[in-house]
1. Per residue, how much accessible area does the chain have with a 1.4 Å probe, in Å²?
2. To the nearest 10 degrees, how steeply does helix 15-26 sit against the main Cα axis of the chain, on a 0 to 90 scale?
3. In nanometres, what is the gap between the two model label sites at Ser69 and Asp49, each 7 Å from Cα along Cα-to-Cβ?
4. Expressed as a whole percent, how much of the Cα-Cα distance distribution for region 34-74 exceeds 13 Å?
5. What angle do you read, to the nearest 10 degrees and between 0 and 90, between the alpha-carbon axis of helix 50-64 and the longest principal axis of the chain?
6. Over the alpha carbons of the chain, what is the largest minus smallest coordinate on each principal axis, giving the biggest first in Å?
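The values are calculated or read from the model by the stated rules, or taken from the named source; none is laboratory data. As the structure is a computational prediction, the values presented were derived from the model and not from experiment. Backbone-built Cβ (ideal geometry, glycine too); neighbour counts: all protein chains shown. To get the accessible areas, we keep the full protein, side chains included, count just its heavy atoms, and leave off ligands, DNA and RNA. Shrake-Rupley method; radii C 1.70, N 1.55, O 1.52, S 1.80 Å.
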Amino acid sequence: MTETKKYEVENLDCAHCAQRIEDAVNRLDGVSCKLTFALGTMKVTADRDFRGVEKEIKHIMKSIEPDASLKELK
């Protein structure tokens, strides 16, 4: 089952870091992502359990931009 979620990305300081995060997330199996730095949003589609995907995304973000955080938009 494919699922899509939208997130607010807070404390992301540069477009280069945003691109690095987007590229890394898109390398995850079964996951596609579009991170829009100007809006501070990320749209993620995954064909596997989102709890694991979110954990992996947060790990990627912390390794690239330690102050950045992810907040799901309802």
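1. Numbers: 4630 Å² over 74 residues.
Using a 1.4 Å probe on heavy atoms only, each residue of the chain averages 63 Å².
2. It works out to around 20 degrees.
3. That separation, rounded to one decimal, is 2.5 nm.
4. Working: 481 of 820 pairs.
Percentage above 13 Å: 59.
5. 20 degrees
6. 34, 24, 16
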